[in-house]
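Trainee: This structure is in structure tokens; I'll ask about it shortly.
Any read-out appearing in this document is the output of simple, stated calculations on the displayed coordinates, not a laboratory observation. Every value quoted in this text rests on a predicted model; they were computed, and no experiment measured them. Don't worry about glycine lacking a Cβ; one is built from the backbone with ideal geometry, like all the others, and counts go over all protein chains shown.
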Amino acid sequence: MINNSSKIPKYVQAFFESCEIDEKINRFSFFMIRSDGVVLYHNSNLANSLSKSSIGALLSGVWQASKALSEFIPKEEAKEGYRLSFDTSSQGIYIVPISTEIDELYLGLIYHDEVNPGFIKNKMREMASSFAEFLNQELKDHKAKQELTNNVFDKNDYLFADISDAEMDRLFAFIKN
């Protein structure tokens, strides 16, 4: 079976090509990263001279550190997942996790001069949710397609498994004549 994790960059690209990104978000730098800091997607609005790989590593590191610190919070039934916000009233960094079945992914946003940061944070959560649905459906479809392919021709099945000797003789009778 093919490792589905290796297909994620293809699905990320397909998602961002198929969706319309809200212009309020697209004017800032946003990234989709793996838990190891590898950038899977970024829009081209890099705000400063930091490279996308540096930003991916920093966003991932901040998330991982916050996740480790959250272990000190008494456990209660959480209805909503964690998000990370380091901001003022008009600028900041926002990271939201993406729930997938196979890999930990995050959307990160670096914004500034924003009048309504709550709106763009909500849009980021919506985008994360939409991507999670898209990815989980793509993985489900891929798995179903793979199972169908495997079921159509199993290497252990023979093409003529139920054929009798008499049928074989009739099939090749033209050779004797």
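Trainee: Kindly state, to the nearest 0.05, the FRET efficiency for Q64 paired with E23, given R0 = 25 Å and r defined as their beta-carbon distance. Spell out each step's value before the answer.
Mentor: Working: r = 31 Å, r/R0 = 1.24.
About 0.20, to the nearest 0.05.
Trainee: Once both labels are modelled 7 Å past Cα along the beta-carbon direction, what's the K52-K7 spacing in nm?
Mentor: If labels sit at K52 and K7, their model points lie 2.3 nm apart.
Trainee: Packing-wise, with mean Cβ within 10 Å as the measure, how do 166-174, 68-76 rank, highest first?
Mentor: Packing order, densest peptide first, comes out as 166-174, 68-76.
Trainee: Might you report the magnitude of the Cβ-based charge dipole of the range 19-133 about its Cα centre, with Lys and Arg at +1 and Asp and Glu at -1, to the nearest 20 debye? Spell out each step's value before the answer.
Mentor: Numbers: 11 positive and 16 negative charges, 52 e Å.
Rounded to the nearest 20 debye, it is 260 debye.
Trainee: Let me ask something else. Skipping prolines and chain starts, which residues have an amide H placed within reach, meaning under 5 Å, of the one on H112, given they are 5 or more residues away or on another chain?
Mentor: Correct list: G92.
Trainee: What is the P(r) of the range 57-104, as percent of Cα-Cα pairs per 5 Å bin from 0?
Mentor: Bins of 5 Å from zero give 5, 15, 24, 25, 20, 8, 2, 0 percent of pairs.
Trainee: May I ask which of K123/K143; K10/K143; K7/K67; K7/K143; K7/K140; K7/K123 have a Cα-Cα span longer than 18 Å here?
Mentor: Over 18 Å apart, Cα to Cα: K123/K143; K7/K67; K7/K123.
Trainee: Next question, about the same structure. Starting from the amide H of I98, placed 1.01 Å from N in the peptide plane, find each other amide H under 5 Å away whose residue is 5 or more places distant or on another chain.
Mentor: Correct list: L105, Y106, L107.
Trainee: Can I ask one more? Residue-wise, which Karplus ³J(HN,Hα) couplings in Hz belong to the range 20-33, taking 6.51 cos²θ - 1.76 cosθ + 1.60, θ = phi - 60°, and x for glycine or proline?
Mentor: 9, 7, 4, 4, 5, 7, 5, 6, 10, 7, 9, 9, 10, 10
Trainee: Set the Förster radius R0 to 35 Å, insert the Cβ-Cβ distance between E76 and N116 as r into 1/(1 + (r/R0)^6), and round the FRET efficiency to 0.05.
Mentor: On the way: r = 30 Å, r/R0 = 0.86.
That pair, E76 with N116, gives E of 0.70.
Trainee: By what distance, in whole Å, do the Cα atoms of the range 88-150 stretch along each of the three principal axes, largest value first?
Mentor: 55, 17, 12
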